[in-house]
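Trainee: Got a structure here, written out as structure tokens. Questions coming.
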Amino acid sequence: MADCLSLNHVSAGYAETVVLEDLSLTLPEGGTLAVLGRNGVGKTTLMATVMGHTTVHSGDISFLGKNLRTMPVHRRAASGIGYVPQEREIFHSLTVEENLTVAEQPGEWNIARVYELFPRLAERRRNMGNHLSGGEQQMLAVGRALMSNPRLILMDEPLEGLAPVIIDLLVAAFHRLREADGLTIVLVEQYARLALEFAERAIVLDRGRIVHDGPSEELRNAPDRLAALFGVVG
Ligand SMILES: Nc1ncnc2c1ncn2[C@@H]1O[C@H](COP(=O)(O)OP(=O)(O)O)[C@@H](O)[C@H]1O
Ligand SMILES: [Mg+2]
């Protein structure tokens, strides 16, 4: 399969500060990747680097064969990268439906399909963004990313702080995106177990570097190794 996303010896950060160091990663089309690691290791910075929100000091980044380093930030979403930011960043003064339509780009995903994936959003379609539960906001953030008809979706801790029943609902939706739509999915998670069950491959970051890269199965079957990578002792 063709490469979807490729980072080649990328160092990036904020102004002169380097957060990610010499990071290389290639993800095939339709691949699913879990990005794991403790707080502050650079998971969000990695997503932000793909979206063009950081300073890239060296290395190359490409998406479906196109050079991302030279692509203006506003063109990245339009070129097929969906982003579900850690802070969700939905528009509080717009309704659910307006939040979705502002992101619309031509393709198979539209309002009807997003409502079918998340019936809860259809029920709340006229609610303002600030009158939603955390779970509904997260569904909206995912739905909005889908409205741009992405080939790659980056989700930054989408399950953070949500009730187990909502987590199950979102994970079921992620499975549908992978199986029915063949989307390439990058899932940043603190919930290592859920992410390792979902994604076929996992990387673990520590202080801006990849300290583990392999099939998720490896870590699923080795809780001690996982604990060691996360720096948890005992
Ligand atoms: N906007 C920013 N400006 C400067 N430093 C930042 C900024 N955002 C994050 N950092 C720093 O980059 C490092 C990695 O942060 P982040 O990517 O948010 O980690 P994670 O998502 O894994 O918790 C941290 O040391 C953090 O303080
Ligand atoms: Mg983060």
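Trainee: If a residue has to be out of contact with any helix residue (DSSP H, G or I) (no Cβ under 6 Å at 6 or more places or on another chain) and either among the hydroxyl-bearing types (Ser, Thr, Tyr) or modelled with pLDDT of 95 or more (or both) to count, how many in region 152-162 make the cut?
Mentor: 3
Trainee: Out of region 151-170, which residues are surrounded by 18 or more Cβ atoms within 10 Å (Cβ to Cβ), within 16 Å of ligand 1 (Cβ to nearest atom) and of a type outside the set (Asp, Glu)?
Mentor: Selection gives Leu154, Met155, Pro158, Leu159.
Trainee: Can you name every residue in region 183-201 that is in a helix (DSSP H, G or I), among the charged types (D, E, K, R) and either within 16 Å of ligand 2 (Cβ to nearest atom) or surrounded by 21 or more Cβ atoms within 10 Å (Cβ to Cβ) (or both)?
Mentor: Correct list: empty.
Trainee: Can you pull out every residue in region 72-100 that is closer than 14 Å to Ala145 by Cβ, modelled with pLDDT of 95 or more and among the polar types (S, T, N, Q)?
Mentor: Passing the criteria: only Asn99.
Trainee: Let me ask something else about it. Report whether or not Leu5 is within 23 Å of His212 (Cβ to Cβ), within 14 Å of ligand 2 (Cβ to nearest atom) and buried (at least 18 other Cβ atoms within 10 Å of the Cβ).
Mentor: No, not satisfied.
Trainee: Quick one: Arg209 ticks every box in (1) touching an Asp or Glu at 6+ places or on another chain (Cβ under 7 Å); (2) at pLDDT below 95 bar one, so which box is it?
Mentor: (2)
Trainee: How many of the residues in region 23-65 are surrounded by fewer than 16 Cβ atoms within 10 Å (Cβ to Cβ) and among the small types (Gly, Ala, Ser)?
Mentor: Counting residues in region 23-65 that are surrounded by fewer than 16 Cβ atoms within 10 Å (Cβ to Cβ) and among the small types (Gly, Ala, Ser) gives 4.
Trainee: Can you confirm whether Asp60 is at pLDDT 95 or above and away from ligand 2 (no atom under 13 Å from the Cβ)? Please lay out each step first, then the result.
Mentor: Details: at pLDDT 95 or above: yes; away from ligand 2 (no atom under 13 Å from the Cβ): yes.
Yes.
Trainee: Given the residues Val188, Val204, which is the only one that is within 16 Å of ligand 1 (Cβ to nearest atom), in contact (Cβ under 8 Å) with a residue 24 or more places away in the chain and closer than 14 Å to Thr32 by Cβ?
Mentor: Val188
Trainee: For region 1-41, how many residues are over 19 Å from the mean Cα position of the chain (by Cα) and closer than 18 Å to Glu157 by Cα?
Mentor: The number of residues fulfilling the criteria is 0.
Trainee: Can you work out which of the residues in region 211-234 that are surrounded by 19 or more Cβ atoms within 10 Å (Cβ to Cβ) and in contact with a Leu (Cβ under 6 Å, 6 or more places away or on another chain) is nearest to Leu27 (Cα to Cα)?
Mentor: Here the answer is Ser216.
Trainee: So is Ala173 within 16 Å of ligand 1 (Cβ to nearest atom), assigned to a helix (DSSP H, G or I) and either at pLDDT 95 or above or more than 23 Å from Thr54 (Cα to Cα) (or both) or not?
Mentor: No; evaluated as a whole, the condition is false for this residue.
The values are calculated or read from the model by the stated rules, or taken from the named source; none is laboratory data. Note that the coordinates shown come from a computational prediction; the quantities given were computed from them, not determined experimentally. For neighbour counting, all protein chains shown are included, and Cβ atoms are generated from backbone atoms with ideal geometry for every residue, glycine included.
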